[in-house]
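Have a look at the structure below, then the notes.
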Amino acid sequence: MMTDPISDLLTRLRNAARSKHNRTDVPASKLKVELARILKEEGYVSSFKVVEEKGRRVLRITLKYTPDKRPIITDLRRISRPGSRVYVSRSEIRPVVGGLGISILTTPKGLMSGRAARKAGVGGEILCEVW
């Protein structure tokens, strides 16, 4: 039984990027699809889609690389964990790696990047940071 599916998604992305795989598959959920949507909007993955495989929904994420085959995703870090939740107000959302990375938050207006949450004037739970 998996206790933290978001950490599992981040670990699969990290491992696939470091191994230079073209894509990775994870069990699909609404939250994971929204995470993938934000990663695509911010330019960290090239595409994602939900496919049916052996009767189960699978989120297939295609990774993005530079022309010299270096992964766009350098690292991912889970901030708020099931045993230690981290909540921030709008003014406490800080830039990641000097503005080169993003943070992903769950807010009352849905899942959004830290930049979008600051602009919308909302805070929430910081799920992860990507750079």
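The values are calculated or read from the model by the stated rules, or taken from the named source; none is laboratory data. Worth saying up front: this structure is predicted, and the values here are computed from it rather than measured. FYI the Cβ positions are ideal-geometry reconstructions off the backbone, even for glycines, and counts take in every protein chain you see.
A few points about this structure:
- Of all the criteria given as (1) at pLDDT 95 or above; (2) part of a helix (DSSP H, G or I), the one not satisfied by Val51 is (2).
- Filtering Glu34, Glu41, Glu52 for residues that are of a type outside the set (A, V, I, L, M, F, W, C) and exposed (fewer than 12 other Cβ atoms within 10 Å of the Cβ) leaves a single hit, Glu52.
- Subset of the stretch 53-95 [touching a Gly at 6+ places or on another chain (Cβ under 9 Å) and among the small types (Gly, Ala, Ser)]: Ser89, Ser91
- Listing of strands (runs of 3 or more DSSP E) fully contained in the stretch 56-131 that carry 2 or more residues being within 14 Å of the chain's Cα centre (by Cα) and among the polar types (S, T, N, Q): 102-107
- Of the numbered criteria (1) in contact (Cβ under 8 Å) with a residue 40 or more places away in the chain; (2) touching a Pro at 6+ places or on another chain (Cβ under 8 Å), the one Pro27 fails is (1).
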